[in-house]
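Presented below is the structure to which this report refers.
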Amino acid sequence: MSLTIRRAVIPAAGLGSRLLPLTKATPKEMLPVGDKPVIEHTVRELVDSGITDITIVVSGGKSLIQDHFRPNPALVEQLREDGKTAYADAVEEVAELARRGHITYLDQYGPYGNGTPVLNAARAFGDEPVLVLWPDDVFVAEVPRAQQLIRAYEQTGCPVLALMPMDPNESQRYGVPIVKEDLGDGQLRITGLVEKPTPAAAPSSYAAIGGYVVTPGIIDELREQTRRWYEHKTGEVYLTDAINAYASTRAVYGQVIKGRWYDTGNPADYLVAQMASALAHPEYGPVLRGLVAGLDVDRDAALRSETNT
């Protein structure tokens, strides 16, 4: 019988180099999407999916993350004295979110690569499965992505990857799963991942996106990768490499996620996420639509002027 998933890891030690200089002093995880930093979207998704133990793996310069989720009674008191009750409630609610998720922090130590923070946190897992979500992804879905992954794990008892349908021409942006069997309802048996293949070499029309259910067997593969790294100290330790090694002999599943995925890890996608969030807001959406309509009018007028000259 598969164990209930109650733990999650958020790797948040990256430099955010694709967003420099914006991330020189501000962690990429603290950049706003709507009225919340992007990492708060991830934490809310986990808490809403029943996760009660969240480990955020950080590095130097990430203290703003801890400050954001830390209670601030002095600020709340000042806001209430000033009659700003709604703001006070919002600040308290973020601290309550952190309490419900029982957020703890861990400094990353070891080789470069996204497998290292998962292995850093693994000492607390025992034999439990754990969710791994990246803090620069935002999912908008009727059923949270994390809950969809948990459900797939409960059905299979095996590691699970979040997948989405992919435009084959964009295969070089993603890890692409090798699909062995389509089990229906978006659930696929996979035997490995091919990292950033050319469109002609892509083994399927799906992309692996930010979300995993990791089991003790995957952790064992990460330990083995890390052991080899310390012997030769070349390359990086990747979670996908551990999953590939595991999938060569044991069952791994992919779950096609129902919902909309926004990546905030590069400037163009970050702007898209910002715009989508603002357009969905009942107050800001009409303002932005009016702005766009005005820009369209100005553009059409400019084109007519050029045509008449």
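The values are calculated or read from the model by the stated rules, or taken from the named source; none is laboratory data. Note that the structure is a prediction, hence the values are computed from the model and not measured. All Cβ positions, even for glycine, are placed from backbone atoms using ideal geometry, and neighbour counts span all protein chains on display. Heads up: the accessible areas ignore ligands, DNA and RNA and are worked out on the full protein's heavy atoms, side chains in. Shrake-Rupley method; radii C 1.70, N 1.55, O 1.52, S 1.80 Å.
Within segment 27-96, the proportion of Cα pairs with more than 14 Å between them is 65 percent.
Within segment 14-36, find all residues whose amide N lies under 17 Å from a label point positioned 7 Å from the Cα of LEU291 along Cα-to-beta-carbon. The answer is 32-36. Considering every alpha-carbon pair of segment 47-201, the percent of pairs per 5 Å bin, from zero through the bin containing the longest distance, is 1, 7, 12, 15, 17, 16, 12, 9, 5, 3, 2, 1, 0.
Taking 0.36 nm per intervening residue step and subtracting the Cα-Cα distance, what contour gain separates ALA74 from SER248 on full extension?
57.2 nm
When DSSP beta bridges are restricted to pairs lying wholly in segment 9-165, around 20% turn out antiparallel.
Ranked by the mean number of other Cβ atoms within 10 Å of their residues, highest first, the peptides 201-208, 240-247, 60-67 come out as 240-247, 201-208, 60-67. On the beta carbon distance between ASP67 and ALA276, with R0 = 25 Å, the FRET formula returns roughly 0.40. By DSSP, the beta bridges lying fully in the chain are antiparallel in about 65 percent of cases. In the chain, helical runs assigned H by DSSP with n ≥ 4 each contribute -39500 (n - 2.57); averaged across all residues and rounded to the nearest 500, the mean residue ellipticity at 222 nm is -13000 deg cm²/dmol. Rounded to the nearest 0.05, the FRET efficiency derived from the C-beta distance between GLU154 and LEU15 at R0 = 25 Å is 0.10.
Accessible surface area normalised per residue over the chain is 52 Å², counting heavy atoms of protein chains with a 1.4 Å rolling probe. Seen from a random direction on average, the alpha-carbon convex hull of segment 150-199 projects onto 3.7 square nanometres. Each Lys and Arg Cβ is given +1 and each Asp and Glu Cβ -1; about its Cα centre, segment 1-135 then shows a dipole of about 480 debye. When DSSP beta bridges are restricted to pairs lying wholly in segment 162-309, around 90% turn out antiparallel. Only alpha carbons enter this Debye calculation for the chain, each as an equal point scatterer, and the log10 of I(q)/I(0) it gives at q = 0.08, 0.10, 0.14, 0.16 Å⁻¹ is -0.41, -0.62, -1.13, -1.42.
Counting only residues at least eight positions apart within a chain, or on another chain, the lysines with an alpha carbon under 17 Å from that of LYS28 are LYS36, LYS62.
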